[in-house]
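Working notes for the structure below.
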Amino acid sequence: MKPEPILKIRSDDRQTAALLAEDFINSCGEILKSREYVNTVLSGGNTPKIFFEILASEYSGFKNWDRIKFFWADERCVPPDDSESNYGAVKRILFDVLNNPDTGEIKIPDENIYMINGINDPSYEAERYSEILLKEMNMNNYFPSPDVTLLGIGEDGHTASIFPGNYDLLDSDKYCAFVRHPESGKYRITMTGNVLKNSGSVNFLVTGKSKEKIVSEIILENGNFEKYPAYFIKPSDGKLNWYLDKAAAGSLQEI
């Protein structure tokens, strides 16, 4: 049975990201009571950048950063130092702040960071990253099983880089795939639906008035909800949390 979505609503994007940051640290801490490492999946976008900033500024004292492994739900096929790189954003905002080579303080070692390499051939990189997931993550139902997954949603209902029209990726037997952005035609690498749905928790971070209609349709299951790939990312055996600001939540109330 798929989980019912839990809505967590705050007044603005920063307060929403702050709540997610608090819950992220608490979730990692709980998992680490019984595990050596926790496997997290990150995504891109403007609001997640606020989330990463809050982690760096308010949770730098977290004692177990070196026991968190970082993976990415998707990546643009660009160099890692490109301004559009999802990995690059996390590196600049979070990793480079927590790690200080000058003092020798390295809170997040390189071996805990599993970057999707956007300069590789897309087909090769999808296969390479799939092999990393197979090696590094626990398996459940024949698929890698992340512990904590963070996702956003586009105004077309896409999540990770699973766009409307890529519905085959929702139930693909592959772990990762390469796709073309429907407008730009540029390649991206994405985890597939069966990996994302295999997460211990899926956490959508969505803010802004432009997302209100699509969030409402997904949560209430009306309108065009079945056209939105994000609707189908529901953990098979985990929690489904939606972190919303009031603009994105509209008339929805916390559940």
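The values are calculated or read from the model by the stated rules, or taken from the named source; none is laboratory data. Fair warning: this is a prediction, and the values are worked out from it, not measured in the lab. For neighbour counting, all protein chains shown are included, and Cβ atoms are generated from backbone atoms with ideal geometry for every residue, glycine included.
One table, with the values for the structure above:
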quantity: Qualifying residue in region 3-10 (condition: free of Cβ contacts under 8 Å to residues at least 60 places away in the same chain and basic (Lys, Arg)); calculated: no
quantity: Residue among Ser123, Ser130 that alone is surrounded by fewer than 19 Cβ atoms within 10 Å (Cβ to Cβ), in a helix (DSSP H, G or I) and in contact (Cβ under 8 Å) with a residue 24 or more places away in the chain; calculated: Ser123
quantity: Sole residue being at pLDDT below 95 and either among the charged types (D, E, K, R) or closer than 30 Å to Phe163 by Cβ (or both), chosen from Asn86, Asn46; calculated: Asn46
quantity: Looking only at region 34-54, and only at residues there that are within 17 Å of the chain's Cα centre (by Cα) and polar (S, T, N, Q), the one that is nearest to Leu150 (Cα to Cα); calculated: Ser43
quantity: Check on Val179, of a type in the set (Val, Ile, Thr), farther than 30 Å from Gln15 by Cβ, in contact with a strand residue (DSSP E or B) (Cβ under 8 Å, 6 or more places away or on another chain) and modelled with pLDDT of 95 or more; calculated: yes
quantity: Output for region 35-65, where each listed residue is under 21 Å from Pro235 (Cα atoms) and surrounded by fewer than 16 Cβ atoms within 10 Å (Cβ to Cβ); calculated: Arg35
quantity: Residues within region 70-87 that are more than 16 Å from Ala56 (Cα to Cα), in a strand (DSSP E or B) and out of contact with any Pro (no Cβ under 8 Å at 6 or more places or on another chain), tallied; calculated: 4
quantity: Filtered residues of region 120-141 (kept if among the charged types (D, E, K, R) and closer than 17 Å to Arg188 by Cα); calculated: Asp121, Glu125, Glu127, Arg128
quantity: Residue match in region 142-161 (condition: surrounded by fewer than 16 Cβ atoms within 10 Å (Cβ to Cβ), more than 15 Å from the chain's Cα centre (by Cα) and in a helix (DSSP H, G or I)); calculated: no
quantity: Qualifying position, being of a type outside the set (Ser, Thr, Tyr) and more than 17 Å from Ala160 (Cβ to Cβ), among Asn203, Asn222, Asn241, Asn198; calculated: Asn222
quantity: Test: Lys49 is in contact with a strand residue (DSSP E or B) (Cβ under 6 Å, 6 or more places away or on another chain) and not in a loop (DSSP other than H, G, I, E, B); calculated: no
quantity: Residue in region 88-101 that is outside any helix (DSSP H, G or I), among the polar types (S, T, N, Q), buried (at least 16 other Cβ atoms within 10 Å of the Cβ) and within 20 Å of the chain's Cα centre (by Cα) present; calculated: no
quantity: Unique match (being buried (at least 16 other Cβ atoms within 10 Å of the Cβ), of a type in the set (A, V, I, L, M) and within 17 Å of the chain's Cα centre (by Cα)) among Ile108, Ile68, Ile31, Ile9; calculated: Ile68
